Amino acid sequence: MESSAFIRECLERNNGIETPSGRLSVWLDSPLIEMLRGEGYIKKNFPAMLRQFIRYEIDITKEPMLVYPSLHYQNGGVEINDHCETNIHGLYVAGEASGGVHGRNRLMGNSVLDYNVFGRRAGKYAAEYTKSANLGKLTLKHITGY
């Protein structure tokens with residue numbers, strides 16, 4: 001949701017702030033996070049981001065940062081059901097390869113949930129499937145036919 005709003009403001013409405021590299025971005029009022037959540041919230045919950053900005057002498061607890069969405073996690077993928085099954089019999093998918101429970105525009109934090117929870121679920125149901133699967137004779141005729 002946020003990513004699409006940033007893109008819309010910058011590219012469609014031309015309301016972004018030009019960065020030194022010429023890209024448009026938006027201000028994220030990061031000091032407001034600490035005003036609302038308390039001092040130390042950013043350091044505790046976003047330590048890597050805080051360190052990354054400190055390297056460039058920007059203290060995101062005291063000054064806002066320019067942000068723009070990038071590809072956090074490959075969007076899209078094949079459709080799955082609650083057992084992580086695809087419409088191809090015997091093919092189970094989770095994580096980046098699936099559309100996921102968070103839809104097309106998900107960010108990294110949600111992808112962790114996808115591959116941890118649904119990776120386990122896909123493995124469990126795939127293992128269960130193999131107990132009764134009848135593979136038949138394996139060939140590469142489908143490749144030749146294609």
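The values are calculated or read from the model by the stated rules, or taken from the named source; none is laboratory data. All of these numbers come straight from a predicted model, not from anything done at the bench. Heads up, the Cβs are rebuilt from the backbone with ideal geometry, glycines too, and the neighbour counts pull from every protein chain shown.
Determine whether region 3-13 contains at least one residue that is in contact with a helix residue (DSSP H, G or I) (Cβ under 7 Å, 6 or more places away or on another chain) and either of a type in the set (A, V, I, L, M, F, W, C) or loosely packed, with under 13 Cβ neighbours inside 10 Å (or both).
No, region 3-13 contains no residue that is in contact with a helix residue (DSSP H, G or I) (Cβ under 7 Å, 6 or more places away or on another chain) and either of a type in the set (A, V, I, L, M, F, W, C) or loosely packed, with under 13 Cβ neighbours inside 10 Å (or both).
Suppose we keep only residues that are assigned to a helix (DSSP H, G or I), without any contact (Cβ under 8 Å) to a residue 40 or more places away in the chain and within 16 Å of Ser70 (Cβ to Cβ) within region 10-52. Which one would you say is farthest from the chain's Cα centre (by Cα)?
Leu11
Just give me the residues in region 67-84 being closer than 18 Å to Thr19 by Cα and at pLDDT 90 or above, in sequence order.
If the condition is that a residue be closer than 18 Å to Thr19 by Cα and at pLDDT 90 or above, then no residue fits.
Every residue in region 125-142 that is under 22 Å from Tyr92 (Cβ atoms), out of contact with any strand residue (DSSP E or B) (no Cβ under 9 Å at 6 or more places or on another chain) and assigned to a helix (DSSP H, G or I), please.
Correct list: Ala127, Glu128, Thr130, His142.
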